[in-house]
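A.B. asks: The structure under discussion is supplied below as structure tokens; questions concerning it will follow.
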Amino acid sequence: QVQFEESGGGLVQPGGSLKLSCVASGLRFSTYTMAWYRQAPGKQREEIGTITWRGNTNYKESVKGRFTFTRDNDKSTMYVQMNNLNPEYTAVYYCTPDSTYGIDVWGNGTLVTVSS
């Protein structure tokens, strides 16, 4: 059974940083390009970028320069370091395999709230 567990969210002040984690199970994590998504309040879930099995990254313009994706294939875990946050980054963040695989499995996500 494929599962993803996101963690690391919380309340952060504008200008602050957070590092989210995603632990995958039930699939050969090291062979998949993985994606990060977010769903802001009242908005649809959107992809914010991907990281290949080798660690090559691609970022949506809105997070480029603020977010950094990394992964540890030995731990079946991926990360996103988020810096210089502002309230527009308030959202629930999810990880899942890149959409090209057709694996429609989602964890509960982790909530990031940017507020003073």
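The values are calculated or read from the model by the stated rules, or taken from the named source; none is laboratory data. Source: prediction; values computed, not measured. Here Cβ is always computed from backbone atoms with ideal geometry, including for glycine, and neighbour counts include all displayed protein chains. Note: areas computed on protein heavy atoms with side chains; ligands, DNA, RNA excluded. Shrake-Rupley method; radii C 1.70, N 1.55, O 1.52, S 1.80 Å.
A.B. asks: Looking only at region 102-116, which residues are in a strand (DSSP E or B) and under 16 Å from Glu6 (Cβ atoms)? Walk me through it before giving the result.
C.D. replies: Start the filter on region 102-116 by keeping residues that are in a strand (DSSP E or B), which leaves 110-114.
Residues satisfying the conditions are Thr110, Leu111, Val112, Thr113.
A.B. asks: If Thr50 meets every condition in (1) without any contact (Cβ under 8 Å) to a residue 12 or more places away in the chain; (2) touching an Asp or Glu at 6+ places or on another chain (Cβ under 7 Å); (3) polar (S, T, N, Q) apart from one, which number is that one?
C.D. replies: It is condition (1) that Thr50 fails.
For (1) small (Gly, Ala, Ser); (2) part of a loop (DSSP other than H, G, I, E, B); (3) open to solvent by 40 Å² or more (accessible area, probe 1.4 Å), each residue gets a yes or a no:
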| site | (1), (2), (3) |
| --- | --- |
| Pro41 | no, yes, yes |
| Glu47 | no, no, yes |
| Thr50 | no, no, no |
| Arg54 | no, yes, yes |
| Asn58 | no, no, yes |
| Glu61 | no, yes, yes |
| Gly65 | yes, yes, yes |
| Phe69 | no, no, no |
| Tyr79 | no, no, yes |
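A.B. asks: Among the residues of region 64-104, which ones are at pLDDT 95 or above and among the β-branched types (Val, Ile, Thr)?
C.D. replies: Thr68, Thr70, Thr77, Val80, Thr90, Val92, Thr96, listed by residue number.
A.B. asks: Restricting attention to region 1-22, report how many residues are part of a strand (DSSP E or B) and surrounded by fewer than 17 Cβ atoms within 10 Å (Cβ to Cβ). Steps first, please.
C.D. replies: Start the filter on region 1-22 by keeping residues that are part of a strand (DSSP E or B), which leaves 3-7, 10-12, 18-22.
Checking the rest, the ones that are also surrounded by fewer than 17 Cβ atoms within 10 Å (Cβ to Cβ) come to 3, 5, 7, 10-11, 19.
Summing the residues that are part of a strand (DSSP E or B) and surrounded by fewer than 17 Cβ atoms within 10 Å (Cβ to Cβ) in region 1-22 gives 6.
A.B. asks: Here's another thing I want to ask about it. Would you point out the residue of region 23-37, among those that are assigned to a strand (DSSP E or B) and open to solvent by less than 20 Å² (accessible area, probe 1.4 Å), that is nearest to Gly65 (Cα to Cα)? Break it down stepwise before answering.
C.D. replies: Just the residues of region 23-37 that are assigned to a strand (DSSP E or B), to begin with: 23-25, 34-37.
Now restrict to residues that are open to solvent by less than 20 Å² (accessible area, probe 1.4 Å): 24, 34-36.
Working: Ala24: 26, Met34: 19, Ala35: 17, Trp36: 15 Å.
For region 23-37, the residue satisfying everything is Trp36.
A.B. asks: Now for a separate question. Show the residue pairs that are 6+ apart or on different chains and have beta-carbon atoms under 8 Å apart, the first residue being within region 20-43 and more than 26 Å from Ser62 (Cβ to Cβ), the second being open to solvent by 10 Å² or more (accessible area, probe 1.4 Å) and aliphatic (A, V, I, L, M).
C.D. replies: Matching pairs, first to second residue: Ser25/Val2; Gly26/Val2; Leu27/Val2; Leu27/Ile103.
A.B. asks: Then there's this: I'd like the full set of residues that are over 19 Å from Ser25 (Cβ atoms), among the polar types (S, T, N, Q) and in contact with a strand residue (DSSP E or B) (Cβ under 9 Å, 6 or more places away or on another chain), limited to region 71-116.
C.D. replies: Gln81, Asn83, Asn86, Thr90, Ser99, Thr113, Ser115
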